[in-house]
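What follows draws every value from the coordinates through simple rules; no lab data is involved. Because the structure is a prediction, the values reported are computed rather than measured. A quick note on method: Cβ atoms are made from the backbone with ideal geometry, for glycine too, and the neighbour counts reach across all protein chains shown.
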Amino acid sequence: MGTYLILVGLLSICSLSFSQECSRELVKNVDFPGAEVSTPYSPDAEHCQQLCTQHSSCQFFTFVQGDWTRNNRTFRCCLRSSASGQPNARTALQNVTSGFSLKPCNPDPQPCLSQVYQNVEFPGADYRSFFTADYKECQRACTQDPACRFFTFANGLFTPEKYRFKCQLKYSWAIPRTPDVETKAGVTSGFSHKTKFTQHFDTACEGRLFVNTAIPEHHLQKLSAASPQQCQTLCSAHPLCTYFTYVSTNLTCLLKNNRNEMVIKNKEGVTSGMPARFCQPDNNWIKVAHKDVDFPGSNIRFEPKDNADACQKACTNDKYCQFYSYVNDNFSDPALRRRCYLKRVITMPAPPKVAKLANVVSGFTKKNCHGQKQ
């Protein structure tokens, strides 16, 4: 009984960020100090606030504006937290904007990001480019392309001249990714049954997997995954992935890119395959619980549960939870047993970098801007 009370007490602390009042206020030229949990790039305070809202532990933030000159932290979104859920202080600081997570405000999980940014570049993450008349047409192309998440357009004054009117479509992960997957005795992990990992298509298809088969070289990205099926889903979501190899010994998903050939070889403990494109794959892998596997980090909170099935149901019923890890009765540390950790990661469009650049325009897809003119 004493252990239960301790767990409940810890739960109340871990859930503190969700008990705060809704505050949409943005405060200019004020810093909100606190423990920094992450510092991604962001083009403005509104986007930074949405990043804070989707981050598992962010409670408030300070955005370093484009006119910041003290150091190279321009366009940094400083995501922060504290034991009280409030900033440790409110300190005057020029060229920053601060605010709070919108978690208590029942936020839209897919926010509309209609703003465009003059003389701001989103470097990297390119997967397709072409020439077009203006940034509006570039944004329309991004909105119509299923993979596009944001763009950068070079206008008619850009130098070098040969890049003028170039539209670069860019990608970031729109589906939940487990940042890390590791083998751990006494832990069971899995996914919310409500999480959407693919677009909906009317045409069904079966994913082709080649057991004990490797596809060497042509590496695109190395990720963590709990199964070959999850790896295939990651490959299907990435516009540059042409095939993949999953290594079961270290739970590693290797995305590959080669549109000209696919050379395979026999290898034990390795599974390879191809992505599913424009069809509805079998997503039953989401319902599989992985024994002796942990998804460390990305915790929203933890709560006591009797078993892994109850933990999975808690994750599925929680609108924020995307995946979970449950500590079983046989775990080595008795103090951690029967803890159900609910987890989430950011899925909104997030550029890997934001920088000043003359005569370009950057912005986001308007797929989520329902009712607005595209």
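Model label points for Asn257 and Glu46, set 7 angstrom from Cα along the Cα-to-Cβ axis, are 3.1 nm apart. Cross-link check: pairs Lys194/Lys367; Lys194/Lys343; Lys256/Lys356; Lys103/Lys170; Lys170/Lys196; Lys291/Lys343 evaluated at a Cα-Cα cut-off of 24 Å; pairs beyond the cut-off: Lys256/Lys356; Lys103/Lys170. The phi torsions of the stretch 126-138, fed into the Karplus equation with coefficients 6.51, -1.76 and 1.60 and a -60° offset, translate into couplings of 6, 9, 7, 8, 6, 9, 8, 5, 7, 5, 5, 5, 4 Hz, rounded to whole numbers, with Gly and Pro shown as x. For the stretch 173-192, the residues whose amide N sits under 17 Å from a probe point set 7 Å from the Cα of Asp329 along the beta carbon direction are 186-188. Full extension of the chain segment joining Ser84 with His200 gains 37.6 nm, where the gain is 0.36 nm per residue of separation less the Cα-Cα distance.
The simple Förster model, with R0 at 45 Å and r as the Cβ-Cβ distance, assigns Leu209 and Arg164 a FRET efficiency of 0.50. Highest-first packing order for the peptide set 273-285, 95-107 is 95-107, 273-285, based on the mean count of other beta carbon atoms within 10 Å. Given R0 = 30 Å, the distance between the Cβ atoms of Thr39 and Lys267 translates into a calculated FRET efficiency of 0.15. For the pair Asp180 and Cys105, label points projected 7 Å from Cα toward Cβ lie 3.2 nm apart. Put in order of Cβ neighbour count within 10 Å, fewest first, the listed residues Leu240, Leu342 become Leu240, Leu342. Once the chain from Lys287 to Asp306 is taken as fully extended at 0.36 nm per residue, the excess over their C-alpha distance is 5.0 nm.
Other residues whose C-beta falls under 13 angstrom from the C-beta of Arg80 contribute a net charge of 0, scoring Lys and Arg +1 and Asp and Glu -1. Model label points for Glu21 and Leu357, set 7 angstrom from Cα along the Cα-to-Cβ axis, are 4.4 nm apart. With the helix formula -39500 (n - 2.57) applied to DSSP H stretches of n ≥ 4, the chain reaches a computed 222 nm mean residue ellipticity of -4000 deg cm²/dmol.
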